[in-house]
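Report on the structure given below.
The values are calculated or read from the model by the stated rules, or taken from the named source; none is laboratory data. None of these values were measured; they are calculated from a predicted model. All Cβ positions, glycine included, derive from the backbone under ideal geometry; neighbour counts span all protein chains shown.
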Amino acid sequence: MSNTTEFEIKKPKVDLNYASEKKPVASDPSPEAKPLPKVTIDGKTYEFKPGDTIMQVAERYKVHEEIPRYCYHPGMPIAGTCRMCTVEVEKAPKLMTSCSTPAADGMVVHTRSDKVLKSRTGVMEFLLTNHPLDCPVCDKAGECELQDYNYEYGPGTSNFKEEKRVFEEATTKKLSDQVTLNMNRCVHCERCVRFTDDVTKTNDLVMVNRGWHKELEATTEAGLTNDYQGCLTDFCPVGALTWNDFRFKKRSWFLSKKPSICDRCSKGCNIEVHSDAEVVYRYVPIHNEMVNGHWMCDSGRSSYNDLMNPMRVISPLMNHQNGLHSTTLQALLGELSIQLKNASSVQLVIGTDATREEAALLKDKFPSILGKNVSVSYFNGTAGVTSSADDKKMDNLLKMKDLTPNTKGVEEQGISPLSQGEVSSDIVIVFRNGRAGIPKMKAGQKVILWGVWNHDEIKTLSSQTVLGVIAGLATIEKEGSFKNTDGIVQKFHPAIVHKGGALSAHQVVNMWKSLN
Amino acid sequence: MATINVSKKYTVKEKTYLPAILIGMKITMKRFLQGFLLRKHDTILYPEKKRDYSDRFRGMHFISVDKNKTENCTACYLCETVCPAECIHIVADERDEDQNPYGVKKEKKPVSFDIDSLRCCFCGFCEEACPKDAIKLSTNYELAVSSREEAIYDLDHLKREMNGRSEK
Ligand code: SF4
Ligand code: SF4
Ligand code: SF4
Ligand code: SF4
Ligand code: FES
């Protein structure tokens, strides 16, 4: 494990711009390096790497209030179109856009001088001339950069007495099944256009017409087609692009936000789980340069729906007179123990969505509880993937072929993959967290289900005999770690508290132990 | 431990009780004669007659509607956010296009809007927070109900006919 990097998922303090592969100066220790150039921002002097813009230097040190911006986004090329980020540079005749002006040695910058504040007030007033200000119905309200900056810099009144521009067609226009556009709210920062041009490279969006009539359009009839549409709704600074799955479900200020990890593929994107009263409303990506940058894919973003599915099994179920019935865990484990003791052979299949800790626990501790030989193997279940060697990139960004999060982490425990048709024991225990596939089993096979299951999945096992279901916790509800496809181990803590009757694998194993 | 003596020594006048009873009788007789001879009452015959309250009185809530009987509420949740008793519960959804109240495309509507009047403290913050002048408190103070369920005002109840701030 020498080349393994291990870290905990948490919200990074410095959310940085590394479209340009640059690393923070602070982590650049080479002593023989030439003295770095220095720039003075608001009276303090900072070292920077040649090539940094003023905005990037200020971002890196986060030493004073954020420089307001609309068009600048750390993960995208610089455009310099919105003029919100202007700062005063001494000896320069005019205000400079900090996002696109390279810092120079000896430069003296003022980010909050009177001249700068006046300019920002002017920009705000212009942006608001045509803005509908329908915050009450706008999903962005509460996390809207237009609201925030207007509160800080806006003029509070407007000289614009004319009728506001309304895009009749594009007031609620579905750009795809997932994204809705309200063109009236757009501030023309063109982050979305640059994202589809330079990040996904799908060129789905384009601005047509000019000035007053400048309008965002999809380039094809089909609308948006890329797999990262949710990101558009994250970084659109206003409520012009909204995510249909979240639209009107909750106001943003009710959400509590906890970091976790996406378990929809082997990439392991860092996410923030937004929930209220332990109900998840959305996932948004958090910046981690080593794993996902600023982004996450749409299937990952929607994957919370599986956990909030009313069909999910959240209490122990026992087979009684050919039907599964809710019971207590004690009763279930007692019954299963008897069945397992009498079984001629027992097999345990661990899904590759188990955490490293769960895999270790099940492999090392679990057989001793039963007091018999248990053959342990892992099962991935993604079409075409048996082990981590089959994993490959599906596009130029994040998506991986392996749709389970921890194949490498389970392999690391010395468990080997289940080969087809190998489920041959008297009783087989299938442990999975809702992401790994279900192995093929012969008709009449006795099986114990453990982890995250839903009733629809259990129905597909109608020709087998399900002895019982031990409800388990999903990734965002528990603690553990995954090793992603690049060998990075990421630890995570519970983002929401499970409100049903499911227990963690450790709790179940401890209870099982105390029963025997 | 210091104790506070709260017992009191009664005077002879108090011990005999009679003077106090006479004072009471005097007041009773005065009111009786005022009402009987001069027709001057301090009470009213309540259900038949009602008192006038100030227009600013905060009673049972209602939601104002436009001429198409569509609620003015756009489900912005500001009342739910501000409510100190946490007694407003809204579920929002997209408004159908043919149901647009003003001929303008309005995106959002409440599919359910419940106020639990048993928890409400009639502070009127919801009325103040509402950007659409939708939720208001009427001058109706007759809030008695025969079951707890009736005390939860749903959207239909809140959209009832109102004449200004009093019921029609
Ligand atoms: S984009 Fe921002 S300012 Fe505009 S309506 Fe939405 S929340 Fe309000
Ligand atoms: S839709 Fe949003 S991201 Fe795109 S240009 Fe308009 S404001 Fe910017
Ligand atoms: S009057 Fe006050 S307590 Fe009652 S619903 Fe309105 S905000 Fe809540
Ligand atoms: S504040 Fe007004 S518009 Fe907003 S949800 Fe409440 S009643 Fe509706
Ligand atoms: S952020 Fe610099 S010009 Fe837009």
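Report the residue count in region B:59-81 for those that are under 20 Å from the mean Cα position of the chain (by Cα) and within 11 Å of chain A (Cβ to nearest Cβ).
Going through region B:59-81 one residue at a time, the tally reaches 2.
For A:Lys393, which of the numbered conditions (1) surrounded by fewer than 16 Cβ atoms within 10 Å (Cβ to Cβ); (2) over 22 Å from the mean Cα position of the chain (by Cα) fails to hold?
(2)
Where in region A:161-264 are there strands (runs of 3 or more DSSP E), lying wholly inside it, with at least 2 residues that are away from chain B (no Cβ under 14 Å) and at pLDDT 90 or above?
A:205-208, A:215-218, A:256-261
Residue check, A:Met84 against (1) among the aliphatic types (A, V, I, L, M); (2) buried (at least 16 other Cβ atoms within 10 Å of the Cβ); (3) more than 16 Å from ligand 1 (Cβ to nearest atom), all met but one. Which one?
Answer for A:Met84: the failing condition is (3).
Looking at region B:82-93, which of its residues are away from ligand 1 (no atom under 16 Å from the Cβ) and within 11 Å of chain A (Cβ to nearest Cβ)?
Matches in region B:82-93: B:Ile90, B:Val91, B:Asp93.
Per-residue answers, yes or no, for (1) free of Cβ contacts under 8 Å to residues at least 40 places away in the same chain; (2) within 16 Å of ligand 4 (Cβ to nearest atom); (3) buried (at least 17 other Cβ atoms within 10 Å of the Cβ):
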{"site": "A:Glu162", "(1), (2), (3)": "yes, no, no"}
{"site": "A:Val166", "(1), (2), (3)": "yes, no, no"}
{"site": "A:Lys174", "(1), (2), (3)": "no, no, no"}
{"site": "A:Gln178", "(1), (2), (3)": "no, no, yes"}
{"site": "A:Val193", "(1), (2), (3)": "yes, no, yes"}
{"site": "A:Asn209", "(1), (2), (3)": "yes, no, no"}
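For region A:142-160, what are the residues that are in contact with a Lys or Arg (Cβ under 7 Å, 6 or more places away or on another chain) and either within 14 Å of chain B (Cβ to nearest Cβ) or exposed (fewer than 15 other Cβ atoms within 10 Å of the Cβ) (or both)?
A:Gly142
Could you list all residues from region A:149-160 that are in a loop (DSSP other than H, G, I, E, B) and in contact (Cβ under 8 Å) with a residue 12 or more places away in the chain?
Result: A:Gly154, A:Pro155, A:Ser158, A:Asn159, A:Phe160.
Quick check on this structure: which one of A:Pro68, A:Pro35, A:Pro74, A:Pro50 is more than 14 Å from chain B (Cβ to nearest Cβ), within 16 Å of ligand 2 (Cβ to nearest atom) and modelled with pLDDT under 90?
A:Pro74
List the helices (runs of 4 or more DSSP H) inside region A:298-352, counting only whole elements, that have at least 3 residues being assigned by TED's automatic domain parsing to the domain that holds A:Lys499 and either in contact with a strand residue (DSSP E or B) (Cβ under 8 Å, 6 or more places away or on another chain) or closer than 26 Å to A:Ile415 by Cβ (or both). Explain how you work it out, then say what you get.
Details: elements: A:298-301, A:304-307, A:329-342.
In region A:298-352, A:329-342 are the helices (runs of 4 or more DSSP H) which contain 3 or more residues that are assigned by TED's automatic domain parsing to the domain that holds A:Lys499 and either in contact with a strand residue (DSSP E or B) (Cβ under 8 Å, 6 or more places away or on another chain) or closer than 26 Å to A:Ile415 by Cβ (or both).
Any idea which residue in region A:218-267 is nearest to A:Cys297 (Cα to Cα), counting only those that are surrounded by fewer than 23 Cβ atoms within 10 Å (Cβ to Cβ) and of a type in the set (Asp, Glu)?
Only one residue tops the list, namely A:Asp227.
Taking the condition surrounded by 10 or more Cβ atoms within 10 Å (Cβ to Cβ), more than 14 Å from chain A (Cβ to nearest Cβ) and more than 16 Å from ligand 4 (Cβ to nearest atom), does B:Lys40 pass? Working first, answer last.
On the way: surrounded by 10 or more Cβ atoms within 10 Å (Cβ to Cβ): yes; more than 14 Å from chain A (Cβ to nearest Cβ): yes; more than 16 Å from ligand 4 (Cβ to nearest atom): yes.
It is true that B:Lys40 is surrounded by 10 or more Cβ atoms within 10 Å (Cβ to Cβ), more than 14 Å from chain A (Cβ to nearest Cβ) and more than 16 Å from ligand 4 (Cβ to nearest atom).
Got a number for residues in region A:372-392 being under 29 Å from A:Asn342 (Cα atoms) and among the hydroxyl-bearing types (Ser, Thr, Tyr)?
Adding up the residues that qualify gives 3.
Run B:Ile115 past the list (1) buried (at least 17 other Cβ atoms within 10 Å of the Cβ); (2) within 14 Å of chain A (Cβ to nearest Cβ); (3) under 23 Å from the mean Cα position of the chain (by Cα) and report the number of the one that doesn't hold.
(2)
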